[in-house]
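Heads up, the thing below is written out as structure tokens.
Laboratory data are not the source of any read-out in this text; all were calculated from the coordinates shown. Small disclaimer: the values here were computed from a predicted structure and weren't measured. As a convention, Cβ positions derive from the backbone with ideal geometry for all residues, glycine included, and neighbour counts pool all protein chains shown.
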Amino acid sequence: MNRIFKMCIMIATIIIADQITKGIVQQKFFLGESIPVIPNLFHLTYVRNPGAAFGMLAYAPDYIRTPLFFALPVLACFWLIYLIWTTRNKSFFHCLAYSLIFAGAVGNLIDRFSMNYVVDFFDFFWGPHHFAAFNIADSSISIAAIILIVDLLFLNNKKDESASSTI
């Protein structure tokens, strides 16, 4: 099975899981309802996020929101498809990371286009410190960021060292 096919299966799985879990939360929870899974650490909480990451620009005027939350992410998805295609045979980790970002972006874009907000529900906190609620699509994007950082800090250095030792 080639890498692109595997990435497509992963992307589809993430998007479907994201949309199913968001649908369940919307059907089973009242807006703002929170159910402790691990008390004082992790709750499932139904939140509507009209903004970007962490709710930024949630109530910005439409002339800012429309390009930032609709047009730019669609263009970014086309760019990500290009990156996935061009890295498919060069770098597994880059191809994986771009695929994860694409899946997360599409999952959240489906919400934006259908409801004008994103459904979030994973709610973590530690004592007085509360983190922004997020969803499977956001998790996919975060995992991709970790992969890219690890690749940049650790794996790229090994490639550079091996290349310089052969010169």
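Relative to the longest principal axis of the Cα atoms of the chain, the long axis of helix 136-150 lies at roughly 30 degrees.
Subtracting the Cα-Cα distance from 0.36 nm times the residue separation, let me have the gained length for Phe78 to Thr13 in nm, one decimal. Value of the extension gain: 21.5 nm. Less than 5 angstrom separates the built amide H of Ala58 from those of Ala52, all sequence-distant by 5 or more or on a different chain. Using only side-chain charges placed at the Cβ, +1 for Lys and Arg and -1 for Asp and Glu, the dipole size of region 3-160 relative to its Cα centre rounds to 520 debye. Counted by neighbouring Cβ atoms within 10 Å, the residues Ile11, Ile143, Ile20 run from fewest to most as Ile20, Ile143, Ile11. Residues whose amide H comes within less than 5 Å of that of Leu44, counting only those at least five positions distant or on another chain, are Ile35, Val37 (H built at 1.01 Å from N in the peptide plane). Distance between the C-alpha centres of region 130-148 and region 18-40: 17 Å, rounded to the whole angstrom. Between helix 92-115 and the chain there is an angle of about 30 degrees, using the helix long axis and the longest principal axis of the Cα atoms.
Computing log10 I(q)/I(0) by the Debye sum over Cα atoms at q = 0.09, 0.11 Å⁻¹ for the structure here picks out one of (1) -0.37, -0.54; (2) -0.33, -0.47; (3) -0.28, -0.41, namely (1). Going by neighbour counts of Cβ atoms within 10 Å, the residues Tyr98, Tyr59, Tyr46 line up, fewest first, as Tyr59, Tyr46, Tyr98. Computed from Cα atoms, the angle from the helix 72-87 axis to the main principal axis of the chain rounds to 30 degrees. Summary value for the chain: 28 percent relative contact order, contacts being C-alpha pairs under 8 angstrom separated by 6+ residues. Each residue in Val119, Val37 was given a count of other beta-carbon atoms within 10 angstrom of its own, and listing them fewest first yields Val37, Val119.
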